[in-house]
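The values are calculated or read from the model by the stated rules, or taken from the named source; none is laboratory data. Here the structure is a predicted model, which is why all the values come from computation and not from measurement. Neighbour counts run over all protein chains shown; Cβ positions are idealised from the backbone, glycine included. Only protein heavy atoms, including side chains, enter the accessible area calculation; ligands, DNA and RNA are left aside. Shrake-Rupley method; radii C 1.70, N 1.55, O 1.52, S 1.80 Å.
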Amino acid sequence: MMPPETELWNRVEQTAREVFGTYGFGEIRPPIIESTELFARAVGGETDIVSKEMYGFPKKLEILRRATTDLVGQVDTPAKIHVFGQALAVLVLNLGQALEGAVIPTTQTNRHLVEQLKEISGRTIARWRAGQWEPSQQWTNDFETARALIDELEIERLEESSSLRPEATASVCRAYIEHNMQQLPAPVKLYYTGPMFRRERPQKGRYRQFYQIGAEVLGGSDAPGIDAEVIEMVMVYFAKLELPGVQLEINSIGCRDCRPKYVELLRAELQKVKDRLGTDSQRRIETNPLRVLDSKLEHEQAIIETLPRIGEHLCADCAKHYAEVKRQLGMRGVAYKETWRLVRGLDYYMRTTFEITARGLGSQNAVCGGGRYDGLIELLGGPPTKGIGFAIGEDRVILSLLEAGKGNAAEGRDVYIAWMGEKAQATAIAAARTLREAGFRVAMPPVEQKFGKALGQADKLGARYALILGEDEVASGEWTLKTLADGSQKKIAKAELVKFLREAKRDSSLRSE
Ligand code: AMP
């Protein structure tokens with residue numbers, strides 16, 4: 001990311017701050033690294049995100065440590081010596097980094113042990129280089145010593161390994177519990193922006209480091225008006241950004257009472273058509289039948305259409321809640337489409353779920369996903385707490401805006417100050433300061449430049465005006481202002497400049513509206 005695109009990123013984030021602020025949300029900045037356990041519990045150990053896609057650090061160390069020590073008794077051939085030596089080298093490298101980053105305790109003992117391991121690893125490499133591959137007492141001794149040293153490492157903290165966050169809802173909920181936010185006036189409304197990390201196969205709109213803008217409403221009631229207001233807020237935000245082709249889909253996935261019964265029914269129906277499903281769906285019949293509804297496989301679509309729909313199996317309370325969410329969306333003028341297959345395959349999600357898509361994104365066209373998760377805080381060890389939230393994929397919002405030609409947020413310079421002569425330089429410096437303080441974007445050459453060259457530079461930078469300061473201008477206090485678009489030029493009194501530029505800017509922004 002770099003200019004001019006970063007300007008668009010800033011606008012997208014700034015607009016979120018403004019809109020979310022008007023709905024009473026305050027910003028939370030959760031850490032980027034959290035305990036792996038938190039995500040395993042909140043997102044679910046069975047999910048792709050946790051089981052396959054997380055970037056965890058010390059876990060790797062733990063695996064390396066085990067791999068290395070497990071190999072020790074088996075180094076009886078040159079090939080195995082090679083494998084062990086490599087494993088040891090990688091372990092030593094990672095231990096060094098872990099010590100540096102304080103991922104493992106930076107005790108004297110650990111430093112000493114890592115140093116000794118480095119020595120052994122160094123000897124191993126040196127012996128390879130000398131062609132000494134045959135098993136020998138020397139190899140055995142070194143490997144046994146290495147294992148003993150590894151066992152002595154003080155890395156108990158590794159058990160609670162940490163990971164780069166794949167999403168932020170878990171962190172926000174942890175913070176809610178840790179900082180006793182249930183004592184604050186309910187509901188607590190928080191938003192965040194920042195990078196998330198998932199080891200996915202990269203493609204257009206899907207990255208390993210991507211950015212989300214999200215919000216959570218925690219505590220208080222689960223009134224449908226809250227769900228509707230949160231959805232309204234995202235839609236207002238997208239409208240303000242002029243995001244093209246925005247479509248909202250909603251669904252209700254029931255609660256702890258009615259959903260399990262539906263899931264059982266779904267499972268039973270899926271069993272009947274099992275043979276016609278792909279292997280992923282077949283597996284999900286057991287692990288998480290709701291996820292089968294997410295399937296994009298062509299040949300499964302017709303089968304899925306015949307399955308029972310959760311909307312017809314909601315309990316009375318959930319049905320009432322859902323009907324009221326829809327009524328309230330209507331009251332707010334929010335257009336939506338009901339999609340019965342829109343499920344969130346995690347246990348703690350309940351009732352309202354929603355997804356928003358936009359144009360220009362190909363197959364990865366979801367720009368926002370959200371839902372109610374009344375069980376989550378409790379699952380993480382807090383008090384029973386209502387909750388609803390969403391996460392917007394910022395990269396995709398940007399892509400869609402760029403695709404629709406709405407990305408020209410990058411403005412050039414307002415004024416380029418061309419100066420010649422020592423006195424003019426002093427005047428130029430003062431003028432630049434005054435204009436910048438008034439909020440204009442100003443550029444000026446740091447060394448003297450012929451006016452012709454300076455004007456060429458002003459053009460290249462896309463400046464609207466060139467302020468020309470030569471000896472005459474400085475002496476008279478009547479400056480020359482050139483409009484670069486049409487080449488017209490006028491004299492303007494020094495004291496009038498800011499006022500003139502302000503009015504010109506206001507006129508042009510009125511015209512562009
Ligand atoms: P999720 O947290 O999976 O519900 O995703 C919420 C939103 O984040 C999605 O609708 C996408 O817009 C965005 N998103 C999720 N994963 C990625 C990714 N790997 N790259 C870019 N955007 C993503």
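Residues are listed down the side, and each one gets a yes or a no for (1) surrounded by 14 or more Cβ atoms within 10 Å (Cβ to Cβ); (2) within 16 Å of the ligand (Cβ to nearest atom):
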site: Phe20; (1), (2): yes, no
site: Phe25; (1), (2): yes, no
site: Glu34; (1), (2): yes, yes
site: Glu46; (1), (2): yes, yes
site: Thr68; (1), (2): yes, no
site: Thr77; (1), (2): no, no
site: Val92; (1), (2): yes, no
site: Gly101; (1), (2): no, no
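What number of residues in the range 360-372 are at pLDDT 95 or above and more than 9 Å from the ligand (Cβ to nearest atom)?
1
Of everything in the range 384-395, what is under 21 Å from Gly26 (Cβ atoms) and more than 9 Å from the ligand (Cβ to nearest atom)? Give them in sequence order.
Once the filter is applied, which keeps residues that are under 21 Å from Gly26 (Cβ atoms) and more than 9 Å from the ligand (Cβ to nearest atom), the range 384-395 yields Thr385, Lys386, Gly387, Ile388, Gly389.
Restricting attention to the range 376-395, does a residue exist that is more than 30 Å from Gln183 (Cα to Cα), crowded, with 22+ Cβ neighbours inside 10 Å and touching a helix residue (DSSP H, G or I) at 6+ places or on another chain (Cβ under 8 Å)?
yes
Go through the range 207-231 and give me each residue that's closer than 18 Å to Phe20 by Cβ and either over 22 Å from the mean Cα position of the chain (by Cα) or free of Cβ contacts under 8 Å to residues at least 60 places away in the same chain (or both).
Gly219, Gly220, Gly225, Ile226, Asp227, Ala228, Glu229
Please work out which one of (1) in contact with a helix residue (DSSP H, G or I) (Cβ under 7 Å, 6 or more places away or on another chain); (2) modelled with pLDDT under 95 is the condition Tyr416 fails and give its number.
Answer for Tyr416: the failing condition is (2).
Of the residues in the range 95-109, how many are modelled with pLDDT of 85 or more and within 30 Å of the chain's Cα centre (by Cα)?
Within the range 95-109, residues that are modelled with pLDDT of 85 or more and within 30 Å of the chain's Cα centre (by Cα) number 2.
Could you name every one of the strands (runs of 3 or more DSSP E) located completely within the range 454-510 that has at least 2 residues being open to solvent by 90 Å² or more (accessible area, probe 1.4 Å)?
Answer list for the range 454-510: 489-493.
Quick one: count up the residues across the range 323-345 that are assigned to a loop (DSSP other than H, G, I, E, B) and either open to solvent by 50 Å² or more (accessible area, probe 1.4 Å) or within 16 Å of the ligand (Cβ to nearest atom) (or both).
10
Say we look at the range 396-438 and pick out the residues that are open to solvent by 50 Å² or more (accessible area, probe 1.4 Å), part of a helix (DSSP H, G or I) and touching a residue at least 24 places away in the same chain (Cβ under 8 Å); which of these is farthest from the ligand (Cβ to nearest atom)?
Top of the filtered list is Lys423.
Can you find even one residue in the range 181-201 that is within 16 Å of the ligand (Cβ to nearest atom), open to solvent by 50 Å² or more (accessible area, probe 1.4 Å) and modelled with pLDDT under 95?
yes
From the residues in the range 202-219 that are assigned to a loop (DSSP other than H, G, I, E, B) and open to solvent by 30 Å² or more (accessible area, probe 1.4 Å), which one is farthest from the ligand (Cβ to nearest atom)?
Lys204
What pairs come up if the first residue lies in the range 140-154 and is in a helix (DSSP H, G or I), the second is modelled with pLDDT of 85 or more and hydroxyl-bearing (Ser, Thr, Tyr), and their beta carbons are under 9 Å apart, counting only those six or more places apart or on different chains?
Between residues of the range 140-154 that are in a helix (DSSP H, G or I) and residues that are modelled with pLDDT of 85 or more and hydroxyl-bearing (Ser, Thr, Tyr), the close pairs are Asp142/Thr124; Phe143/Thr124; Ala146/Ser121; Ala146/Thr124; Glu152/Thr109.
Six or more apart or on different chains, Cβ atoms under 6 Å: show the pairs whose first residue is in the range 346-369 and in a strand (DSSP E or B) and whose second is more than 9 Å from the ligand (Cβ to nearest atom) and open to solvent by 30 Å² or more (accessible area, probe 1.4 Å).
Glu355/Glu249; Thr357/Gln247
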